[in-house]
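Some notes on the structure that comes next.
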Amino acid sequence: MAPELTFTTLEEIDEIYSTLNKTFRSGKTKPIAFRKVQILQLGYLLQDNIERFREALAIDLGRPPLEASFLELDSTISDCKIAYDRVDKWARTEKAPFNIKFAAFRPAIRKEPKGVVLSISPFNYPIWLALGPIIGAIAAGNCVVLKPSELCPAISGLIAELIPKYLDNDVVRVVLGAVPETSKLMEYQWGHVLYTGSGRVAKLIGVAAAKTLSPISLELGGKSPVVIDPKCDFKIAARRILWGKCANAGQTCVAPDYVLVPHSSEDAFVKALKDAHDEFYPSGATTTPDISRIINPAHFHRLKKLLDSTSGTIAFGGQTDESQKFIAPTVVKGVKDEDSLMSEELFGPILPIMPVDDVDAAIAYINAHDHPLALYCFSPDAAFKNKVFDNTQSGSAIANDVMIHCATDGLPFGGIGPSGSGYHTRTFSFDMFTHLRATLDSPGWIDNIIGGRFPPYSPGKLASLKRFRVKLPPRPISANGHVRICNIWHLELGLLNRPFKGLIERRRNTKWLFLLVSLAVVSVGYTRTADVGEWVRWLKGLIKV
């Protein structure tokens, strides 16, 4: 039995917001060393209490221990280590790309925290989607308020208990509650808001954030399709798809939601899914300990109603147990567009199989509906995969596997359109909670070059500033429906031997070389030592040394 949560009072929320704002203004979170301590402490929060988290996941979601570790605990600890190792690099001020016109200004991009940020996390991955964004927010130097889901009281209560023991209570705070508490939080102005959940609630969160001009990122999910090439290995595809559909009882925003397969291959693919099912659950799905449970009775009844209303044929599965909030892995074949199972994101272990004429029909169906958070394609053929990905839109485009892109280092996680906006996980979480602040330092002598910008304006000043005007490439000219480049200079170069072409190109720059070299030499006196190397490299490239 899950413990009841003691919700945070509205007065306490006022105090939390005030305290974190004072902390941020004090500059306490700015030093990288401080951030690293907090990130490391968050890693130890998980590692020291890993068995308690496994038990809490079992209470809230019936999560098997292996899934608890593989899907959330291990990956979140890994994210802590990645952030700890890389935050120095992530937070480092970046120089703008070298441009001779602006080099003397020393343009740069400062990586600065946005302030006090809010993360509203969901029930389905109550550790990874709650603590993962905190890692990025802390790494970026922010103060954080976490509002975990009230639907998983064991996990949310454990997080609320442990965070004050491991993290600075003036930097990270937890607010427990439901709609009233969330509504109260959305009355404040935030440096950034991350909401993960349903599109219905996201609209309310978006409206509330707009009232305070708080920037917002949304991770919303949707119906993620799978496109099957009949030439793919059905055994491999079936095992991976069924795993993705059954992990966490299908309660994953990037779980494969439905399968599009050619009519002629539907039965063979369904058989491959049944073989995978029997391999995964040799004693039967109703007795295995390896299947999670639906989060609550309301979600159970929603799924059961959708399943009871389908016009498709249940190929296998279909067993339900209300007392256990259990729905067996279920494959429904012969599903059509207007079917109940295609009316909304399933978020459960039910997999509709929709037969289509060909890949073009599959693409047309996908494009006729909201852009999904993930799009999966199983095929050995690069042309087939490219056709699917090039002609659709989705948060991610994954070939020959499902879900594991979320944990892949270096990839962003986020949707497009109705499936969400913004990106997070690891460096992208840091970026989400970071303000890119433009900066430059203009030397006094630069007015000798661009002094023409100051009034009174005159024809002479206008002429002097024209020297800095960018020259566009030759204008494209349409001829017989094709775009071609017509420019006598290019024609001349095309007739020249390759050795002479480079010489002529360099001679075109000769009239500017003296001015540029002089500018470089003069500016060295006003430039940091680290910039001199960039000037030298640029000059060498100009004269091809």
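The values are calculated or read from the model by the stated rules, or taken from the named source; none is laboratory data. Predicted model, so just to flag it, every value in this text is computed and none were measured. Neighbour counts are summed over all protein chains in view; Cβ atoms, including those assigned to glycine, are modelled from backbone coordinates with ideal geometry. Note: accessible area is taken over every heavy atom of the protein model, side chains too, but ligands, DNA and RNA are not part of it. Shrake-Rupley method; radii C 1.70, N 1.55, O 1.52, S 1.80 Å.
Miscellaneous remarks
- Any hit, the stretch 133-155, residues being of a type outside the set (A, V, I, L, M, F, W, C), under 19 Å from the mean Cα position of the chain (by Cα) and over 30 Å from Ala33 (Cβ atoms): no
- Taken over the stretch 118-134, the criterion of being open to solvent by 10 Å² or more (accessible area, probe 1.4 Å), in a helix (DSSP H, G or I) and of a type in the set (A, V, I, L, M, F, W, C) is satisfied by Trp128 alone.
- Single residue of the stretch 215-259 satisfying the filter (part of a loop (DSSP other than H, G, I, E, B) and among the charged types (D, E, K, R)) that is farthest from the chain's Cα centre (by Cα): Lys231
- Test: Ala285 is out of contact with any helix residue (DSSP H, G or I) (no Cβ under 9 Å at 6 or more places or on another chain) and open to solvent by less than 40 Å² (accessible area, probe 1.4 Å): no
- Of all residues in the stretch 50-71 being of a type outside the set (Lys, Arg) and open to solvent by less than 20 Å² (accessible area, probe 1.4 Å), the one that is nearest to Arg293 (Cα to Cα): Leu61
- Identity of the residue in the stretch 176-206, closer than 22 Å to Ile59 by Cβ and touching a helix residue (DSSP H, G or I) at 6+ places or on another chain (Cβ under 6 Å), that ends up surrounded by the fewest Cβ atoms within 10 Å (Cβ to Cβ): Leu176
- Tally, over the stretch 221-251, of residues that are open to solvent by 10 Å² or more (accessible area, probe 1.4 Å) and within 22 Å of Phe70 (Cα to Cα): 4
- Residue list for the stretch 324-358, filter: in a loop (DSSP other than H, G, I, E, B), in contact with a strand residue (DSSP E or B) (Cβ under 8 Å, 6 or more places away or on another chain) and either open to solvent by less than 30 Å² (accessible area, probe 1.4 Å) or among the polar types (S, T, N, Q) (or both): Ala328, Pro329, Val335, Asp339, Leu346, Gly348, Pro349
- Residue in the stretch 261-272 that is farthest from Arg63 (Cα to Cα), counting only those that are crowded, with 22+ Cβ neighbours inside 10 Å and touching a helix residue (DSSP H, G or I) at 6+ places or on another chain (Cβ under 6 Å): Val261
- Residue selected from the stretch 78-110 under the condition in a helix (DSSP H, G or I) and hydroxyl-bearing (Ser, Thr, Tyr), by the criterion most open to solvent (accessible area, probe 1.4 Å): Tyr84
- No other residue among Asp308, Asp321, Asp275 is touching a residue at least 40 places away in the same chain (Cβ under 8 Å), surrounded by fewer than 17 Cβ atoms within 10 Å (Cβ to Cβ) and not polar (S, T, N, Q) apart from Asp275.
- Residue match in the stretch 17-30 (condition: part of a helix (DSSP H, G or I), touching a helix residue (DSSP H, G or I) at 6+ places or on another chain (Cβ under 7 Å) and open to solvent by 10 Å² or more (accessible area, probe 1.4 Å)): no
- Residue list for the stretch 406-417, restricted to those being in contact (Cβ under 8 Å) with a residue 60 or more places away in the chain and open to solvent by less than 50 Å² (accessible area, probe 1.4 Å): Cys406, Phe413, Gly414, Gly415
- When restricted to residues that are out of contact with any helix residue (DSSP H, G or I) (no Cβ under 9 Å at 6 or more places or on another chain) and not aliphatic (A, V, I, L, M), the stretch 422-447 contains 4.
- Answer from Ala374, Ala368, Ala362 - the residue that is of a type in the set (Gly, Ala, Ser) and open to solvent by 30 Å² or more (accessible area, probe 1.4 Å): Ala368
- Flag if Lys36 is open to solvent by less than 60 Å² (accessible area, probe 1.4 Å), assigned to a helix (DSSP H, G or I) and among the basic types (Lys, Arg): yes
- Residues of the stretch 393-401 include none that is of a type in the set (A, V, I, L, M, F, W, C), buried (at least 17 other Cβ atoms within 10 Å of the Cβ), out of contact with any Phe, Trp or Tyr (no Cβ under 7 Å at 6 or more places or on another chain) and modelled with pLDDT under 95.
- Cβ-Cβ under 8 Å pairs, at least 6 apart or on other chains, the stretch 418-445 side assigned to a strand (DSSP E or B), far side acidic (Asp, Glu) and crowded, with 22+ Cβ neighbours inside 10 Å: Gly420/Glu219; His424/Glu219
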